[in-house]
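Structure first, then comments.
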Amino acid sequence: MTLTQLKYILAVERCHNFAQAARECFVTQPTLSMQIAKLEDYLQVIIFDRSATPTKPTALGKKVLEMAREVIHRSDALEELARSVRQEVAGEFSLAVIPTLAPYLLPHFVEKFRQAWPKVQLRLFEYQTDEIAAMLREDKLDAGILATPLDLKDIKEDVLFHEGFQLLFSPGHPLLKEKEVREQDLKIEEAWLLKEGHCLRSQVLQLCRPAKVLVDRGVFFEGGSIETLVNLLESMPGFTVVPELAIPHLSKDIQKRLRPLKGKRPVREISLVTGPFALKASITMALKKTLLEALPVGVETSKKDRVLDIGG
């Protein structure tokens, strides 16, 4: 039984798929499958039900995975202790980012991080807030970047920056005549929302502060991405909220239909979060340093008065 075999079964548990787990571990699928089969033969336990789609652990396999996670955690602790003595930044690091932030934030710092810390194998994922918190608690992630505060006792939040928002309206919308839009002029029945679990959904709902339920407009759609909502507004009346890091990715014509909210500027707090099993302090600190240095000009890294203070 080897640590590598234990890492392979944890990868399969995480990916629910042997092929994807092999890619994540940078080995061929036959190699990964053979090592897992050897482990099962050594333990005389079937860890995964291979007939299930997606792949699931057996009842006994779940117990094996729990113990494997503890073994790998202890192994990582030993490695981190040795690295801290050598003042070395190295090893694997799993980082998850929320979908409304990942496409716009990751390009700013990932390549810079790779060049600055070549001994770190950075593994990136895109999950919603609840998924990230759960995976941090289960020691399946090293850190996450998401909107805070979460107010969870076992999750540590390290604030990185504050991201503002602007309102995007459909072509010809009456509020485009205004340079700034008043909160009371926004109608919830005109809002296009991201689906449940996205913090930008909460942002829109808090802006509108609805006193009644949504009005039926003939089409009801909850999107999974900002890009989908932006494209939908080309042909459907209404508005949505766009985070400032996403604005440079919009065409010049679309940017002309952005309007700020009148009064205090609404922002969301973005933090680097870690769970109760966090060990890789040296990599976490290096990640934070690189990210802050790579942020585009104008992003607020200090806390200021704001209208909205939402979770992820």
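The values are calculated or read from the model by the stated rules, or taken from the named source; none is laboratory data. This structure is a prediction, so every number in the text was calculated from the model and none was measured. Every residue, glycine among them, receives a Cβ derived from its backbone with ideal geometry; neighbour counts consider all protein chains shown.
Out of curiosity, is T100 hydroxyl-bearing (S, T, Y), over 30 Å from D41 (Cα atoms) and not assigned by TED's automatic domain parsing to the domain that holds P248?
It is true that T100 is hydroxyl-bearing (S, T, Y), over 30 Å from D41 (Cα atoms) and not assigned by TED's automatic domain parsing to the domain that holds P248.
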Regarding the range 17-36, can at least one residue be identified that is under 30 Å from E293 (Cα atoms), within 24 Å of the chain's Cα centre (by Cα) and surrounded by 13 or more Cβ atoms within 10 Å (Cβ to Cβ)? yes
Has the range 80-93 got at least one residue that is of a type outside the set (D, E, K, R), in contact with a helix residue (DSSP H, G or I) (Cβ under 9 Å, 6 or more places away or on another chain), surrounded by 12 or more Cβ atoms within 10 Å (Cβ to Cβ) and modelled with pLDDT of 90 or more? yes
Could you list, ordered by first residue, the pairs with Cβ atoms under 6 Å in which the first is in the range 78-96 and more than 27 Å from A134 (Cβ to Cβ) and the second is loosely packed, with under 13 Cβ neighbours inside 10 Å and at pLDDT 85 or above, at least 6 apart or interchain? A90/K119
Taking V45, is it closer than 27 Å to V89 by Cβ and in a loop (DSSP other than H, G, I, E, B)? no
Single residue of D142, D130 found to be crowded, with 19+ Cβ neighbours inside 10 Å, out of contact with any Pro (no Cβ under 9 Å at 6 or more places or on another chain) and either among the charged types (D, E, K, R) or at negative phi (or both): D142
Take K256 and decide whether it is loosely packed, with under 14 Cβ neighbours inside 10 Å and either modelled with pLDDT of 95 or more or over 30 Å from E234 (Cβ atoms) (or both). yes
Pull up the range 275-304, narrow it to residues that are assigned to a helix (DSSP H, G or I) and among the β-branched types (V, I, T), then point me to the one that is surrounded by the fewest Cβ atoms within 10 Å (Cβ to Cβ). T290
